[in-house]
Structure formats: structure tokens, C-alpha cells
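Participant: Handing you this structure, nothing more for now.
The values are calculated or read from the model by the stated rules, or taken from the named source; none is laboratory data. Since we're looking at a predicted model, the values are computed, not measured. When we count neighbours, we look across all protein chains shown, and the Cβ atoms used for this are built from the backbone with ideal geometry, even at glycine.
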Amino acid sequence: MPVNLNVLLASAEVFPLAKTGGLADVCASLPSALRAFGAEARILMPAYRGVASMVSARPVGRSFRPLIGADSVRLLKGFLPGSRVPVYLVHCPELYDRPGGPYADQYGNDHPDNAIRFGVLSKVAAMFGTRQALDGWRADVIHGHDWHCGLASAYLKFGDNSTAASVFTIHNLAFQGNFDRKVRKSLGIDSLAFHMDGLEFYGHLSFMKAGIFYADAVTTVSPTYARQIQDSPLGCGMDGVLRYRMDRLTGILNGIDTQEWNPAADSRLPARYTRDDPAAKVGCRKALLADQGLDSDRDGLVVGMLGRMTAQKGWHLMLEAAPTLLDAGMAIVFMGSGNSQYEEAIRRLKARYPDRIAHREGFNEDFAHLLVAGADALAIPSVFEPCGLVQMYAQRYGTVPVAHRTGGLADTVTDLDDPRGRTPTGFLFDTPTPLALIRAMKRAQHVHGTRPADWQRLQSNGMQQDFSWRSSARQYAEVYQAALDNRRERI
């Protein structure tokens with residue numbers, strides 16, 4: 001299905017230029033998938049420190065002033081590393097060239113001017129969808145990702161010269177970009193928009209609500225999450241506006257980069273393997289354990305867990321369950337940081353079980369691949385999970401996921417004892433509690449230790465799942481067309 005559209009994807013982070021989570025991976029992979037369908041897909045993101053050199057960016061056009069809070073902005077253009085996807089960078093050193101990450105400084109404190117920083121990103125995105133356009137290229141669709149780009153929909157809605165349709169994707173409704181109402185004037189937001197049927201949210205100006213309320217089409221990153229956020233508690237206070245816009249809301253499952261995550265060709269692994277010849281996965285297991293100073297000849301279940309150390313990701317559940325799992329003979333390898341309480345709990349566990357538990361602090365892409373390949377099972381006890389990518393990576397690498405049945409986890413993992421007889425790929429539990437997690441992990445341990453044929457079947461089934469972007473890109477193309485149709489109805 002050819003798609004003859006110009007699409008600008010605006011995001012606060014794109015792998016490998018800037019990454020704090022799955023948002024970066026999505027915005028790196030989706031443009032290439034859209035281009036395979038014939039769309040002219042380009043990326044817009046801030047020029048954080050060091051990013052311009054990574055894309056060999058050059059200035060295009062003259063400096064301009066999109067908002068009061070940004071006196072001089074320059075557009076830079078390059079290409080996403082390893083691809084021919086054009087990348088535009090919003091170059092404004094006083095806003096983006098600073099230590100720390102996209103959202104917080106080097107000490108973990110939110111940048112105090114985040115409203116302006118992402119307001120500028122949203123405004124520049126909207127400018128690509130006007131008659132004047134930028135760089136001589138006009139987008140038919142502006143696709144904003146998560147709250148950082150939510151205002152783009154409002155700017156397009158109220159702009160006199162707007163021509164593009166707006167699509168807004170919710171990656172995680174828990175993070176909303178709610179700011180003091182006093183920033184409205186600096187952001188160039190008309191007072192007519194600041195009310196309940198607009199972007200006002202309990203007295204604050206909400207980037208997330210702006211995206212939901214004003215976009216021509218709204219998507220989120222899995223069908224189950226799209227249903228869950230229309231009710232409390234996962235609606236995070238916005239379930240009412242989501243129900244109001246339910247006719248424009250679509251759940252589209254994220255895909256993964258199947259070239260970056262491919263055990264048959266992964267240069268980060270000590271040995272490569274395939275579904276038809278999985279023997280070398282044993283070598284990855286040994287390498288993981290040896291790397292972390294654990295017994296590489298152990299027979300018990302090796303469990304991995306990686307990701308941001310937050311309550312959402314269920315780290316508290318795993319840490320409460322860990323003593324029982326370790327006493328049952330399992331080994332656990334963690335990767336993550338960002339929560340001193342959880343890190344201290346792991347240190348206490350390591351003192352008690354020095355030969356069964358390991359922790360790689362921070363995030364390292366090479367080790368993430370080794371952990372996913374080397375573990376027997378991957379624990380994903382997220383309390384809620386809009387989509388999740390690690391369960392897809394795990395299955396592609398023949399590592400069996402043990403996950404809470406929520407959001408995208410429910411859409412991508414099928415339990416061994418699925419009542420509907422679907423192809424099983426892992427183990428699911430229904431309530432986010434330590435006891436439910438323990439029971440699921442012990443089910444996995446039992447199958448791994450006593451039913452090797454069933455374990456191998458789970459591995460094989462997982463490795464043949466199609467988690468590529470092709471199907472998702474086709475659905476996005478349909479959403480883009482619907483957004484254009486909705487916009488034409490407004491005119």
C-alpha cells in the first residue's frame with residue numbers, strides 16, 4: 001500500500017542520538033518503516049549537546065524566533081546514523097546545549113525551563129505544517145510523540161496558515177507535561193484555549209492534554225493500553241477526555257528494529273544463533289554469568305531484568321520476590337539505576353547471595369544485548385506498561401518472558417496455558433504483587449527444569465513472532481489518512 005505523504009515525526013529523543021527509554025527506539029525505527037511504504041518521513045528533535053556532530057548536521061535557512069522564550073533558533077539538517085532518514089535539529093544552545101539529559105540536569109533535577117524547551121520543539125514542528133513551511137518542505141502530517149510535542153497539535157489548530165493534519169501518540173500517560181498557567185503567554189497560547197475544553201488541566205497548562213484534545217487523530221502504543229487509559233486509574237485523570245475522543249483514539253502496537261535486535265547477526269554477542277540452530281545461546285548464557293562473576297556452569301533458571309528503576313516497571317515487586325526466588329535456586333542479573341532505595345536493596349541481596357545475584361548499574365547497550373541473550377527468562381513485572389519493548393527483544397532472542405498481564409505485555413506475550421489455545425510464548429500473571437510474580441517465576445522454573453521440550457517450544461514460538469514495524473507502519477498510514485480526512489471536515 002503506497003503512501004504518498006510527507007510526514008514529520010517530532011520527538012524529544014531518538015536512538016542513538018538521545019535515549020532514556022523506548023520512545024527513542026520507536027522514533028528511530030518508525031520513519032524507515034514509513035519510508036518503505038513510500039512516505040517521505042523525516043524527524044525533528046532538539047539539538048542537544050553533541051547531537052549535531054552525530055548526524056553531520058548543517059544549517060538550513062536563516063535564524064528565526066518561534067516563541068518569546070527563544071530569541072534565535074536555527075534549523076540544522078543531517079541524517080539518522082546508518083540510514084537515509086533526514087533529521088532536523090532545533091538548534092538553540094541556551095535551551096538545549098547543557099549537561100544532563102533531555103529532561104533533567106546532571107543531578108537528576110528537571111530543567112526548570114522545560115515548558116519553553118518543549119514548547120519551542122512543538123512550535124517548530126507545527127511550522128513545518130504551514131503554507132510557509134521550513135526548508136522548502138511542507139509536511140502533510142505532523143506526528144508528535146508524547147507530551148513533549150503535545151502543543152504542536154494546538155499550534156496547528158489555532159494557526160491561521162496551518163495546512164497539515166496532526167497526529168499525537170501517547171507513549172506513557174503518567175508523564176503529562178503539566179506546567180504553571182503563567183507560561184501560557186511565553187508559549188504563545190491564546191487565552192481561548194485555556195479552559196476545560198482545551199489544554200487546561202486542574203489549573204495547569206498541560207502539553208499532554210493539548211495533544212489529546214486538539215489532534216486530528218490520537219494513538220497510543222498498544223490496543224490494550226488504549227482501552228485501559230479510558231478508565232481510572234490508568235487514565236491518570238485524563239480518562240474523561242480520552243473517552244470524549246475515543247472515536248479518534250487507536251492503539252497501535254510498537255515494533256522493534258529487527259536488524260538491531262537479531263541474534264543471528266548481533267555483533268555484541270559472543271556467539272550468534274537462530275531459531276533453527278539455537279545451540280549457541282548456551283554460550284551467551286555462560287558469557288553473561290562469567291561477566292558478572294557468577295557460576296557459569298549453574299543449572300538453575302537464570303533470570304534477567306533491565307530497565308528504568310521505577311515503581312511503574314515493578315522493581316519493588318521483583319526485589320520483594322527476590323529472596324524467595326534466590327532461595328529456590330534461581331540466579332538473577334539486573335541492569336538499571338536511578339533509584340537509590342532499589343540499588344541499596346540489591347546491595348543487601350548481593351551480600352546475602354553473593355554467588356546468585358549481580359547488578360550492572362546504569363544502561364549499556366552492549367550489556368543489554370548480552371543480558372537479553374544470556375538469560376533463560378526475563379522478568380517484566382511492570383505495574384502498568386503502555387507497550388514495552390524488552391518482552392519483544394526477549395522473545396526474538398529465545399528468552400522466555402515472565403510478565404504482568406497489562407498493556408502491551410498482554411498484547412505480545414501469550415501464556416503457556418492460554419485458555420484460547422493461542423501459540424504460547426511465555427508466562428503471565430494477573431495481579432502486580434510479589435506473590436503473583438513468585439508463582440509465575442516458579443511455573444517458569446518448573447517447566448525449564450522438568451519439561452525441556454515445552455521450554456524449547458516457548459523459545460521457538462517466541463523467536464518466530466513478527467515484531468517488525470511493517471504491520472504497525474501500515475496502521476499508522478491508515479491513521480494519517482484518517483487524520484487528513486478529519487482535518488478536511490473541519491475546514
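Participant: So, of the residues in region 403-435 that are among the β-branched types (V, I, T) and under 20 Å from M392 (Cβ atoms), which turns out to be surrounded by the fewest Cβ atoms within 10 Å (Cβ to Cβ)?
Facilitator: By that ranking, first place goes to T423.
Participant: Right, here's the next one. Report yes if some residue within region 462-472 is without any contact (Cβ under 8 Å) to a residue 40 or more places away in the chain and more than 30 Å from L8 (Cα to Cα); otherwise report no.
Facilitator: Within region 462-472 (the criterion being without any contact (Cβ under 8 Å) to a residue 40 or more places away in the chain and more than 30 Å from L8 (Cα to Cα)), the answer is no, since none of the residues qualifies.
Participant: For region 136-163, which positions are crowded, with 24+ Cβ neighbours inside 10 Å, free of Cβ contacts under 8 Å to residues at least 40 places away in the same chain and more than 20 Å from F194 (Cα to Cα)?
Facilitator: Within region 136-163, no residue meets the criteria.
Participant: Same structure again: Which residue, of A28, A33, A12, A41, is within 14 Å of S471 (Cα to Cα), assigned by TED's automatic domain parsing to the domain that holds Y88 and buried (at least 21 other Cβ atoms within 10 Å of the Cβ)?
Facilitator: Testing whether each residue is within 14 Å of S471 (Cα to Cα), assigned by TED's automatic domain parsing to the domain that holds Y88 and buried (at least 21 other Cβ atoms within 10 Å of the Cβ) leaves just A33.
Participant: Can you name the number of the only condition in (1) without any contact (Cβ under 8 Å) to a residue 60 or more places away in the chain; (2) buried (at least 21 other Cβ atoms within 10 Å of the Cβ) that R245 fails?
Facilitator: (2)
Participant: Right, something else. Please specify each residue of region 160-186 satisfying the condition of being under 20 Å from Q132 (Cβ atoms) and in a loop (DSSP other than H, G, I, E, B).
Facilitator: Those that are under 20 Å from Q132 (Cβ atoms) and in a loop (DSSP other than H, G, I, E, B): D160, N161, T163, A164.
The rows are residues; the columns are (1) of a type in the set (A, V, I, L, M); (2) not in a helix (DSSP H, G or I).
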site	(1), (2)
V333	yes, yes
Q341	no, no
A351	yes, no
D355	no, yes
A368	yes, no
A373	yes, no
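Participant: Can you find a residue that is more than 19 Å from D266 (Cα to Cα), assigned by TED's automatic domain parsing to the domain that holds R285, crowded, with 21+ Cβ neighbours inside 10 Å and touching a helix residue (DSSP H, G or I) at 6+ places or on another chain (Cβ under 7 Å) anywhere in region 366-374?
Facilitator: Looking through region 366-374, none of the residues is more than 19 Å from D266 (Cα to Cα), assigned by TED's automatic domain parsing to the domain that holds R285, crowded, with 21+ Cβ neighbours inside 10 Å and touching a helix residue (DSSP H, G or I) at 6+ places or on another chain (Cβ under 7 Å).
Participant: Just need a number here: residues in region 55-66 that are surrounded by fewer than 19 Cβ atoms within 10 Å (Cβ to Cβ) and in contact (Cβ under 8 Å) with a residue 24 or more places away in the chain.
Facilitator: 3
Participant: Got a number for residues in region 173-193 being crowded, with 22+ Cβ neighbours inside 10 Å and either farther than 13 Å from L67 by Cβ or of a type outside the set (A, V, I, L, M) (or both)?
Facilitator: 3
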